[in-house]
Amino acid sequence: TDRPTDGQPAQAERLEDVEGGYRLARTDFTFLGPRTAVRFEANGFYMNYRNQLVATGQLNDVGTALRTNAPRSYRRGVELSGFVAADDKISLNTTLTLSQNRILDYQDVTYDADYKPVLAAPRTSVISYSPAVTSASTLEGQPLKNLRLALLYKTVARQYLDNSENRSRSINPYNTLDFRLRYALHPSFMKEIELGLLVNNVLNRAYSANGYTYSYLGASGQQETFNWFYPQATRNFLASVGLKF
């Protein structure tokens, strides 16, 4: 993996992963119509790491993310997903992940004006680029025989740009809403022609989904922090044509 030019070679990761889940699937419910399908899944996980490679939030001189070994860290949480559909006319599919992502005995490193490392006291900290909550939902309906409409909603909680758990070096939580339209034609000379339209970021939100950071101690002893963010596109459109023979 990419490392600072003066850094030591990365050590191999070790992972102990324990997971358990429950799944329910039924197709004989009638509360939304004669053919109502319901599916629910819950999965819990605990991932115990030794020497996990985690992003520091910095980039090397060609723009590649730098990573370092965290001696002890873990990820634990639960993944939930649900699906309900009525007569193949309307359906709701949703997923939700709740997690804790921690580095144990983490020591934040900054540099003084002479580029000498300054180590902070060890503590437990959130792993960079690891939101505690993410979700995605799709509501899809078929108002006409060949027409399908869908709303796609996604949420992402706060992400830290490095492992210091400092809010001044983080990406704000965000959510997006997309709209999708599909219309199918069935000519005699081929199986199907599907016309599609995808409207991304319907609500025209301004948000960033990624970034990086750099901090150092200035000559006055004050910490200087510089954050860079990758802004995402505001409302945009994508048209498509799909052919099935």
Test residue 221 against the stated conditions and say whether it is at pLDDT 95 or above and either farther than 17 Å from residue 57 by Cβ or of a type in the set (A, V, I, L, M, F, W, C) (or both). no
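Under 30 Å from residue 230 (Cα atoms), open to solvent by less than 50 Å² (accessible area, probe 1.4 Å) and assigned to a strand (DSSP E or B), is that true of residue 125? Let's see the steps before the verdict.
Working: under 30 Å from residue 230 (Cα atoms): yes; open to solvent by less than 50 Å² (accessible area, probe 1.4 Å): yes; assigned to a strand (DSSP E or B): yes.
When the stated conditions are applied, residue 125 passes them.
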Where residue 166 falls short, out of the listed (1) closer than 30 Å to residue 224 by Cβ; (2) open to solvent by less than 30 Å² (accessible area, probe 1.4 Å): (2)
Under 8 Å by Cβ, and 6 or more places apart or on different chains, what pairs join a residue from segment 155-178 that is touching a residue at least 12 places away in the same chain (Cβ under 8 Å) and farther than 26 Å from residue 105 by Cα with one that is of a type in the set (Phe, Trp, Tyr) and not in a strand (DSSP E or B)? 174/207; 176/207
Here's a check for you: in segment 174-206, which residue that is in contact with an Asp or Glu (Cβ under 9 Å, 6 or more places away or on another chain) and over 22 Å from residue 94 (Cα atoms) is least open to solvent (accessible area, probe 1.4 Å)? 184
Can you tell me which of (1) open to solvent by 30 Å² or more (accessible area, probe 1.4 Å); (2) under 30 Å from residue 219 (Cβ atoms); (3) touching a helix residue (DSSP H, G or I) at 6+ places or on another chain (Cβ under 8 Å) is the one residue 161 doesn't meet? (1)
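Looking at this structure, is residue 44 modelled with pLDDT of 90 or more and surrounded by fewer than 13 Cβ atoms within 10 Å (Cβ to Cβ)?
When the stated conditions are applied, residue 44 does not pass them.
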Condition first: open to solvent by less than 50 Å² (accessible area, probe 1.4 Å), more than 19 Å from the chain's Cα centre (by Cα), more than 28 Å from residue 53 (Cα to Cα) and not hydroxyl-bearing (Ser, Thr, Tyr). Now tell me which residues in segment 82-113 satisfy that. 84, 85, 86, 87
Those residues that are more than 16 Å from residue 228 (Cβ to Cβ) and polar (S, T, N, Q), I need them from segment 169-216; list them, please. 175, 176, 188, 200, 201, 204
Six or more apart or on different chains, Cβ under 6 Å: which pairs go from a residue in segment 50-73 that's more than 14 Å from residue 213 (Cβ to Cβ) and at pLDDT 90 or above to one that's open to solvent by 50 Å² or more (accessible area, probe 1.4 Å) and assigned to a loop (DSSP other than H, G, I, E, B)? Could you list them? 51/11; 51/13; 52/13
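The values are calculated or read from the model by the stated rules, or taken from the named source; none is laboratory data. It should be emphasised that the depicted structure is a prediction, and the values quoted were computed from it without experimental measurement. Cβ coordinates were reconstructed from backbone atoms using ideal geometry, including for glycine residues, and neighbour counts include every protein chain displayed. Note: accessible area is taken over every heavy atom of the protein model, side chains too, but ligands, DNA and RNA are not part of it. Shrake-Rupley method; radii C 1.70, N 1.55, O 1.52, S 1.80 Å.
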